[in-house]
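J.: Sharing a structure with you now.
The values are calculated or read from the model by the stated rules, or taken from the named source; none is laboratory data. Note that the coordinates shown come from a computational prediction; the quantities given were computed from them, not determined experimentally. Cβ placement follows ideal geometry from the backbone for every residue including glycine, while neighbour counts extend to all protein chains displayed.
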Amino acid sequence: MANAPAGRQPADLGDAPRPVATPDRTIHMIGNSHIDPVWLWPWQEGYQEARATFWSAIQRMDEYPDFVFTCDQVVLLAWVEESDPDLFARIRQRVAEGRWVNVGGWWVEPDCNMPMGESLVRQGLVGQRWLQSRFGRPATVGMNVDPFGHSASLPTVLRGQGMDSYLFLRPGPHESDLDGTLFWWQAPDGSRVLAYRIPFEYGSAPGPVDFQVDKSLGQLDRSLGDVMVLYGVGNHGGGPTIANIESIHRFDRMGSFGRLRMSDPRTYLDTVLARGPEALDALPVRADDLQHHAPGCYSAHSGIKAWQRRAQHALLTAERWAAVVAVHDEVPYPRAELEGAWKQVLFNQFHDVLPGSAIESAYDDARDQLGAAVAVAKRVVVRAHNVLARQVDVPFEEASQPVLVLNPHPWPVSADVELHHGSVTGAVHVVDDEGAAVVSQPVQSRATTNQTGRGALVFRAEVPALGYRLHRVRFAPEPAAGPWSAGPPQPLHVDEGVLENDLVRVELDPVTGWLRSYLVKATGLDVVAGTAGAPHTQVCADPTDTWGHRVVSYAWPGEDMATTRVVVRERGPLRARLRVERAWGGSTLVEELVLDHDSAVLRVDATLDWHEPAHLLKLRFPTALASPRARFGIPFAEVERPVDGAEEPAQGWVDLTGTLDGRPAGLTVVMRDKHGWDVSPGEQPSIGVTAVRSPVYAWHDPRLLQGEDVYTYQDQGVQRFAYELVPHDGDRHAGDPARRAEELGQSVRAQLESFHPGPLPRRRSFASDGGGAVMVTALKGTEDATDGPGGTDLVVRALETRGTTAHARLELPLVGRTIEADLTPYAVRTWLVPADRSRDVVEVDLVERPLGTAPGPDGDDPAGDRAAARRDAAPPGEVPDDAGALSLSERVLSGGVTDPADRRDGEPAPVPDAPLA
């Protein structure tokens, strides 16, 4: 039987040779099952499906000795471990045999644009450590088959987690300018991974695989020779079927497509790497995002975006304060609580949750899970703050209320602090730790009662880096002559059309309620001059589905919301607040414009009450700039994109820089909770933010919305967000948008305190990055419980934020240490800092392993014995040409070869670090 029949293959055919005419290529058939733990079903259903799918994979292994299963998403394995120990024991056995291959290394397949850089680190920190602890080996291949786009900085994170390669599906050949299948993907910091775009689909139908292979070969780069094709029933699970496997054996015997081989991604990639440096150097290099598939996901379901951002900031803050008191006061570091909270956050970054594309009930679960994570973080923070506060020396002072202001950021912060306190009759004022007056003014209390139990004010606090400062509310009028902490307040004017201080003059258009002038007095630059009448709010019908499939831009003309009222809400020495109210249909938008007496930055607090199904609202910021260029903040970096109106993801900020009358000028918009942006050309180039979209939940075009069905539309009701406008004279980094975004996402905290003696001073910093180009993104306790004399060992991570080579001086008075290092553009570096000063500071990777010690694919031995394993697994009569090759990660770890992804011709050599003090 030269050509085997369809269906079950006869068991006694043996290993007949393929026809000589068989195409000369090996197709690595990757058996897998992409499982969406949440999508058109709740997570509880995904929990069960993981168990059912994994049992199916184990049964196929029992039936077919050559079958190999590839698995990603560590949470699925964790679910099976806790619910079915027998199945998990079988999986461990197959992993040891090399027939169950874990890849990906992340807790879930998250959205890869909207999580913070630190969240992408935590995906692998949790996932890789879990794999190492259960199977003795982490993943070396990154795999995110289903997310809708991939941030340009992902190679930085992958390489820092010990992964040298990356599999993905989207964008497809029809969705981007990306050519080919296999290429080097390079991050802004120069990190590279070997990337493989999965052809056609990551999964297949349950029957024969010929359709899957046909379609895949039609999309593959023919010059590659050997290729990978993924098969197996997915999304709701299932995995490779008997019919799949039998057909692979049949078509292999017939020589239909070439040599079909049961394989896994690591094995295929090792064959590529074995081709040698010349072949690897000839591969194309991609130094950009991998976009776009579904741009509507950046704005679908505002709630999940806001809940996620809040939870991420809350946990990073909790880690910092928990680390402070763990070292300073030997309070046990809450590893288990924080890890559990992070797992809730990471799970809800899944690519059908965070993008807003799941069913409505999924967001009830997401809200509860993220709320639980925030509750954990708040408890950790409040405990730490009280542990410190009780030790601060607070002498008794008649007619005053002590207030401790605590700064979560590792750089000094100047912040307006809103405080509710015990109400008193008459005027009050605020002084700092030295008794000098700080600028303050009364504000409306949140307690709307006829009692006098709560007063409210706002005051300026200058707080040390990751530290605290004592203030007092004195129950007396402000002294006219000072002394002042930072000088007396500067003149500040506000009426229904103007906000003005010594630095800027902001004028409003009475029709649109938006800016018609934003004059910076020192430079004479007005970035919005001549834009009066240009729209700020654009409401238009949005017939696109939840994902925004096939959308290129949401920058369509729309109707302005009508300005219904402008009223001055606050007028005082510290700040002015102007309230602009608008309406359209059944919806309202309130924007409160806030200008401090000593700042050129305009903050806007927005409250949107939205009741428009299948519509969207763009907030647009028109400018007078000529020849503009756009930069977008992304996780751990920034990228330039065309000024073409395309809907793009951004994180924290977007900048437009050009010229005004031949002089450099620009405008940065810093925004909390929103991720869908455009930068549009025209006579008045503008930055646009998709503030809200309201598609039907989990609606996928081309299904039509019709008939007797009743639909629920997203984002109906009230949401709140904030943003800042930062004009500049051509240097976007002068306003430090990366730090501004962090401060907008996480404010300082003020705590009412009592009088008591204590050993701590009234002002203190525990850690500082100096506020320059290098920013500390994480300060936490180690994942390993190494607590001992001196408290908890720390992990400190720093990022170069401005695209330059910068010298970092990270001061850690908490442990009496200073780290000095040179960071190349957008570099991410991490150090383990022992609390015990007799031990050295050690640089570690993103999984908190000392550099160069990450285990290879076979566990403790970085090189392992993979060549022999590949020889043993080869079909009879075939010896793979990669039999003596090591993987890219193995070669690097064994020190045998210079990694071509680490250094390319023309790249500068790394700058040596200054000593660790």
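Listed here are the residues, each with its yes/no results for (1) within 23 Å of D596 (Cα to Cα); (2) of a type in the set (K, R); (3) in a loop (DSSP other than H, G, I, E, B); (4) not assigned by TED's automatic domain parsing to the domain that holds P543.
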{"residue": "I687", "(1), (2), (3), (4)": "no, no, no, no"}
{"residue": "L705", "(1), (2), (3), (4)": "no, no, yes, yes"}
{"residue": "V726", "(1), (2), (3), (4)": "yes, no, no, no"}
{"residue": "E743", "(1), (2), (3), (4)": "yes, no, no, yes"}
{"residue": "S754", "(1), (2), (3), (4)": "no, no, yes, yes"}
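J.: Of the conditions (1) outside any strand (DSSP E or B); (2) among the polar types (S, T, N, Q); (3) in contact (Cβ under 8 Å) with a residue 24 or more places away in the chain, T70 fails just one. Which one is it?
T.: (1)
J.: Hey, another quick one. Restricting attention to region 825-848, does a residue exist that is within 30 Å of E434 (Cβ to Cβ) and of a type in the set (F, W, Y)? Walk me through it before giving the result.
T.: Going through region 825-848, the residues within 30 Å of E434 (Cβ to Cβ) turn out to be none.
The answer is no; no qualifying residue exists.
J.: Please tell me if V473 is surrounded by 15 or more Cβ atoms within 10 Å (Cβ to Cβ) and either farther than 30 Å from R320 by Cβ or charged (D, E, K, R) (or both).
T.: Details: surrounded by 15 or more Cβ atoms within 10 Å (Cβ to Cβ): yes; either farther than 30 Å from R320 by Cβ or charged (D, E, K, R) (or both): no.
Answer is no for this residue.
J.: Please identify the pairs in which a residue from region 338-367 that is farther than 14 Å from W547 by Cβ and part of a helix (DSSP H, G or I) has its Cβ atom under 7 Å from the Cβ atom of a residue that is modelled with pLDDT of 95 or more and of a type in the set (D, E, K, R), counting only partners at least 6 apart or on another chain.
T.: L338/E319; W342/R122; L346/R122
J.: Which condition number does E118 fail, the rest of (1) within 30 Å of S299 (Cα to Cα); (2) assigned to a loop (DSSP other than H, G, I, E, B); (3) in contact with a strand residue (DSSP E or B) (Cβ under 6 Å, 6 or more places away or on another chain) being met?
T.: (2) is the only condition that E118 fails.
J.: Further question: Of all the residues that make up region 90-115, how many are part of a loop (DSSP other than H, G, I, E, B) and either farther than 21 Å from D784 by Cβ or in contact with a strand residue (DSSP E or B) (Cβ under 8 Å, 6 or more places away or on another chain) (or both)?
T.: From region 90-115, those part of a loop (DSSP other than H, G, I, E, B) are 98-99, 103-109, 111, 113-115; that's our starting set.
Now narrow it down to the ones that are either farther than 21 Å from D784 by Cβ or in contact with a strand residue (DSSP E or B) (Cβ under 8 Å, 6 or more places away or on another chain) (or both): 98-99, 103-106, 108-109, 111, 113-115.
Summing the residues that are part of a loop (DSSP other than H, G, I, E, B) and either farther than 21 Å from D784 by Cβ or in contact with a strand residue (DSSP E or B) (Cβ under 8 Å, 6 or more places away or on another chain) (or both) in region 90-115 gives 12.
J.: Same structure, new question: Quick one: in region 245-260, which of the residues that are under 15 Å from A11 (Cβ atoms) and of a type in the set (K, R) is modelled with the highest pLDDT?
T.: Ranking the qualifying residues of region 245-260, first place goes to R250.
J.: Across region 557-589, which residue is nearest to V443 (Cα to Cα) among those that are surrounded by fewer than 16 Cβ atoms within 10 Å (Cβ to Cβ) and either of a type in the set (A, V, I, L, M) or at pLDDT below 95 (or both)?
T.: My answer is V568.
J.: Only one of G426, G455 is over 32 Å from the mean Cα position of the chain (by Cα), assigned to a strand (DSSP E or B) and at pLDDT below 95; which?
T.: None of the others qualify; the one that does is G455.
J.: If only one of A436, A447 is under 38 Å from the mean Cα position of the chain (by Cα) and either buried (at least 18 other Cβ atoms within 10 Å of the Cβ) or of a type in the set (A, V, I, L, M) (or both), which one is it? Full working, then the answer.
T.: On the way: A436 fails: under 38 Å from the mean Cα position of the chain (by Cα).
Unique residue meeting the criteria: A447.
J.: Could I ask something else about it? On the given criteria, is L470 under 22 Å from S414 (Cα atoms), part of a strand (DSSP E or B) and not assigned by TED's automatic domain parsing to the domain that holds L406? It would help to see each step written out before you state the result.
T.: Working: under 22 Å from S414 (Cα atoms): yes; part of a strand (DSSP E or B): yes; not assigned by TED's automatic domain parsing to the domain that holds L406: no.
No; evaluated as a whole, the condition is false for this residue.
J.: Additional query: Restricting the first residue to region 147-170 and requiring it to be closer than 19 Å to R137 by Cβ and not assigned by TED's automatic domain parsing to the domain that holds N235, which pairs with a second residue that is part of a loop (DSSP other than H, G, I, E, B) and basic (K, R) meet a Cβ separation below 9 Å and a spacing of at least six or different chains?
T.: none
J.: While we're looking at this one, here's another question. Let me confirm something: among E434, E462, E418, which residue is part of a loop (DSSP other than H, G, I, E, B), charged (D, E, K, R) and not assigned by TED's automatic domain parsing to the domain that holds L508?
T.: Details: E462 fails: part of a loop (DSSP other than H, G, I, E, B); E418 fails: part of a loop (DSSP other than H, G, I, E, B).
E434 is the lone residue from the list that is part of a loop (DSSP other than H, G, I, E, B), charged (D, E, K, R) and not assigned by TED's automatic domain parsing to the domain that holds L508.
J.: So, in region 507-556, exactly how many residues are in contact with a Ser or Thr (Cβ under 6 Å, 6 or more places away or on another chain) and of a type in the set (S, T, Y)?
T.: Final tally of qualifying residues: 2.
J.: Given the criteria over 19 Å from A785 (Cβ atoms), out of contact with any Ser or Thr (no Cβ under 9 Å at 6 or more places or on another chain), buried (at least 24 other Cβ atoms within 10 Å of the Cβ) and among the polar types (S, T, N, Q), does S302 qualify? Quick ask: steps written out before the conclusion?
T.: Working: over 19 Å from A785 (Cβ atoms): yes; out of contact with any Ser or Thr (no Cβ under 9 Å at 6 or more places or on another chain): yes; buried (at least 24 other Cβ atoms within 10 Å of the Cβ): yes; among the polar types (S, T, N, Q): yes.
When the stated conditions are applied, S302 passes them.
Yes/no per residue for (1) in a strand (DSSP E or B); (2) aliphatic (A, V, I, L, M):
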| position | (1), (2) |
| --- | --- |
| L194 | yes, yes |
| V213 | no, yes |
| F251 | no, no |
| D270 | no, no |
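J.: Let me ask you something else. With respect to the numbered conditions (1) within 27 Å of L178 (Cβ to Cβ); (2) surrounded by 20 or more Cβ atoms within 10 Å (Cβ to Cβ); (3) in contact (Cβ under 8 Å) with a residue 60 or more places away in the chain; (4) not aliphatic (A, V, I, L, M), which one is the sole condition not fulfilled by D281?
T.: With respect to (1) within 27 Å of L178 (Cβ to Cβ); (2) surrounded by 20 or more Cβ atoms within 10 Å (Cβ to Cβ); (3) in contact (Cβ under 8 Å) with a residue 60 or more places away in the chain; (4) not aliphatic (A, V, I, L, M), D281 is out only on (2).
J.: Let me ask another. Tell me, which strands (runs of 3 or more DSSP E) wholly within region 783-845 include 1 or more residues that are without any contact (Cβ under 8 Å) to a residue 40 or more places away in the chain? Spell out the reasoning first.
T.: On the way: elements: 794-800, 806-812, 817-823, 828-833, 842-844.
Hits in region 783-845: 794-800, 806-812, 828-833, 842-844.
J.: Being within 15 Å of V325 (Cα to Cα), surrounded by 22 or more Cβ atoms within 10 Å (Cβ to Cβ), not polar (S, T, N, Q) and not assigned by TED's automatic domain parsing to the domain that holds A187 is true for just one of L812, L760. Which residue is that?
T.: Working: L760 fails: surrounded by 22 or more Cβ atoms within 10 Å (Cβ to Cβ).
Testing whether each residue is within 15 Å of V325 (Cα to Cα), surrounded by 22 or more Cβ atoms within 10 Å (Cβ to Cβ), not polar (S, T, N, Q) and not assigned by TED's automatic domain parsing to the domain that holds A187 leaves just L812.
J.: Taking strands (runs of 3 or more DSSP E) that do not extend beyond region 520-598, which have at least 2 residues that are on the phi < 0 side of the Ramachandran plot and among the acidic types (D, E)? Even if it seems obvious, please write down each step before you answer.
T.: Details: elements: 537-541, 562-571, 575-584, 587-596.
Per the criteria, 587-596.
J.: With the structure loaded, tell me whether R335 is closer than 30 Å to A785 by Cα, charged (D, E, K, R) and surrounded by 21 or more Cβ atoms within 10 Å (Cβ to Cβ) or whether it fails that test.
T.: Spelling it out, it is not the case that R335 is closer than 30 Å to A785 by Cα, charged (D, E, K, R) and surrounded by 21 or more Cβ atoms within 10 Å (Cβ to Cβ).
J.: Scan region 153-192 residue by residue and report those that are of a type in the set (S, T, N, Q) and either at pLDDT below 95 or assigned to a strand (DSSP E or B) (or both). If you could, list the steps in order and put the result at the bottom.
T.: Step one: filter region 153-192 for residues of a type in the set (S, T, N, Q), giving 153, 156, 161, 165, 176, 181, 186, 191.
S165, S176, Q186 - these are the residues of region 153-192 that are of a type in the set (S, T, N, Q) and either at pLDDT below 95 or assigned to a strand (DSSP E or B) (or both).
J.: Still on this structure, please answer the following. Among the residues of region 15-42, how many are assigned to a strand (DSSP E or B) and either in contact with a Ser or Thr (Cβ under 7 Å, 6 or more places away or on another chain) or basic (K, R) (or both)?
T.: If we filter region 15-42 for residues that are assigned to a strand (DSSP E or B), which is where we start, we get 26-32, 35.
If we keep only those that are either in contact with a Ser or Thr (Cβ under 7 Å, 6 or more places away or on another chain) or basic (K, R) (or both) too, we end up with 28-32, 35.
Total meeting the criteria: 6.
J.: Is one or more of the residues making up region 549-569 in contact with a His (Cβ under 8 Å, 6 or more places away or on another chain), farther than 24 Å from L705 by Cα, of a type outside the set (S, T, Y) and touching a residue at least 40 places away in the same chain (Cβ under 8 Å)?
T.: Yes; the residues of region 549-569 include at least one that is in contact with a His (Cβ under 8 Å, 6 or more places away or on another chain), farther than 24 Å from L705 by Cα, of a type outside the set (S, T, Y) and touching a residue at least 40 places away in the same chain (Cβ under 8 Å).
J.: Another question about this same structure. Can you find a residue that is surrounded by fewer than 24 Cβ atoms within 10 Å (Cβ to Cβ), among the β-branched types (V, I, T), farther than 21 Å from K780 by Cβ and modelled with pLDDT of 95 or more anywhere in region 125-142?
T.: There is no residue in region 125-142 that is surrounded by fewer than 24 Cβ atoms within 10 Å (Cβ to Cβ), among the β-branched types (V, I, T), farther than 21 Å from K780 by Cβ and modelled with pLDDT of 95 or more.
J.: Here's a check for you: in region 56-99, which residue that is surrounded by fewer than 24 Cβ atoms within 10 Å (Cβ to Cβ) and aromatic (F, W, Y) is farthest from V126 (Cα to Cα)?
T.: It comes out as Y64.
J.: Out of all the residues in region 623-648, which are part of a loop (DSSP other than H, G, I, E, B) and under 19 Å from G682 (Cβ atoms)? Let's see the steps before the verdict.
T.: Start the filter on region 623-648 by keeping residues that are part of a loop (DSSP other than H, G, I, E, B), which leaves 623-625, 635-636, 642-647.
Scanning region 623-648 gives T623, A624, L625, P642, V643, D644, G645, A646, E647.
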